[in-house]
Amino acid sequence: MPTGKTPVIFRESQLAHQLLDKLEGLEIGPAAHNPFGLRTRNVGLSPEHDPIDHDFFRQSQLENCGQVAPIHIAADAADIPLPNDSTDFVLHSHVWEHLLDPLRALEEWVRVTRPGGYIFVIVPKHDAADSDRGRPVSSLSSLVAHYEQSRRTPKDAKPPGSSRGHHTVFSLELLREIGRWFNRSHFQARLEEVAAAETDDKVGNGHTIVWRVDKSGFLRASLRRFATLLSRESQHDIAHTS
């Protein structure tokens, strides 16, 4: 759809290429004017999920570059219909701030990422958008409170609110706090920071953080529990045959 404007297409991230080029992953909320150039399946809104927000982001892409990124998996960012450990990475740029419950979404991204895979995040700086200027950086405590409330709500019960605005104002320190919170409150996986930048190498107005998803501790604990159960069963059998 021609707009008469010069198309805007942002550069690709060299850091993303360095870490993810040989892998296959998911991109949450893709935009044709903000491509990564990686092997991804795109996860995003469909008209059935949210017609108003879907049309808003579709129109934004058309106005910027005259095309729309395809959606391969029509789903909410916090409820992706894929098995555990089924993708090499999850990445997104200028998406996380739009989500009503960012911590619940992070849990979902960790769930679908294989052991040793990556969560690659770019979020806008606190003054990147006019609407965020003057707003304080969001507190971890407020995100956790929202997460705790959200956990009592079924995933298919969409909370009120639009994804067009920014619900979270990020800083690099808040991203690191989120990583530490996840590691304190979850035993199935840990997030290991492998890269971070105060200014991203893509659009240039955001922060970057990259976590490697370590699930080895959970696997080791599961194996220990399994071995303990086998040992108890063996001892029980011996006792009954003696």
Do we have Arg41 as under 25 Å from Leu106 (Cα atoms) and of a type in the set (D, E, K, R) here? yes
Going through segment 1-48 in order, the residues found to be over 25 Å from Gly117 (Cβ atoms) and open to solvent by 30 Å² or more (accessible area, probe 1.4 Å) are Met1, Pro2, Thr3, Gly4, Lys5, Thr6, Pro7, Val8, Ile9, Pro47, Glu48
Residue check, Ile122 surrounded by 15 or more Cβ atoms within 10 Å (Cβ to Cβ) and free of Cβ contacts under 8 Å to residues at least 60 places away in the same chain: no
Restricting attention to segment 190-205, which residues are touching a Lys or Arg at 6+ places or on another chain (Cβ under 7 Å) and either surrounded by 22 or more Cβ atoms within 10 Å (Cβ to Cβ) or of a type in the set (Lys, Arg) (or both)? Lys202
Segment 107-153: number of residues that are in a helix (DSSP H, G or I) and within 11 Å of Val90 (Cα to Cα): 5
Given (1) open to solvent by 20 Å² or more (accessible area, probe 1.4 Å); (2) modelled with pLDDT of 95 or more; (3) touching a Gly at 6+ places or on another chain (Cβ under 9 Å), His92 misses just (1)
Could you say whether any residue in segment 92-106 is within 26 Å of Leu20 (Cα to Cα), assigned to a loop (DSSP other than H, G, I, E, B) and among the small types (Gly, Ala, Ser)? no
So is His98 crowded, with 16+ Cβ neighbours inside 10 Å and under 21 Å from Trp211 (Cα atoms) or not? yes
Please work out which one of (1) under 17 Å from Trp96 (Cα atoms); (2) of a type in the set (Gly, Ala, Ser); (3) at pLDDT 60 or above is the condition Ala189 fails and give its number. (1)
Within segment 49-61, does at least one residue satisfy the condition of being open to solvent by 30 Å² or more (accessible area, probe 1.4 Å), touching a residue at least 40 places away in the same chain (Cβ under 8 Å), part of a loop (DSSP other than H, G, I, E, B) and touching a strand residue (DSSP E or B) at 6+ places or on another chain (Cβ under 9 Å)? no
Tell me, yes or no, whether segment 167-184 has at least one residue that is assigned to a strand (DSSP E or B), farther than 25 Å from Phe10 by Cα, at pLDDT 95 or above and open to solvent by less than 30 Å² (accessible area, probe 1.4 Å). no
Condition first: part of a loop (DSSP other than H, G, I, E, B) and in contact with a Leu (Cβ under 8 Å, 6 or more places away or on another chain). Now tell me which residues in segment 72-81 satisfy that. Ala77, Ala78, Ile80
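The values are calculated or read from the model by the stated rules, or taken from the named source; none is laboratory data. Since the structure is predicted, the reported quantities are computational estimates derived from the model, not experimental observations. Quick reminder, even Gly has a Cβ in these numbers, built from the backbone with ideal geometry, and neighbours come from all protein chains shown. Areas reflect the complete protein model, heavy atoms only, side chains present, ligands, DNA and RNA absent. Shrake-Rupley method; radii C 1.70, N 1.55, O 1.52, S 1.80 Å.
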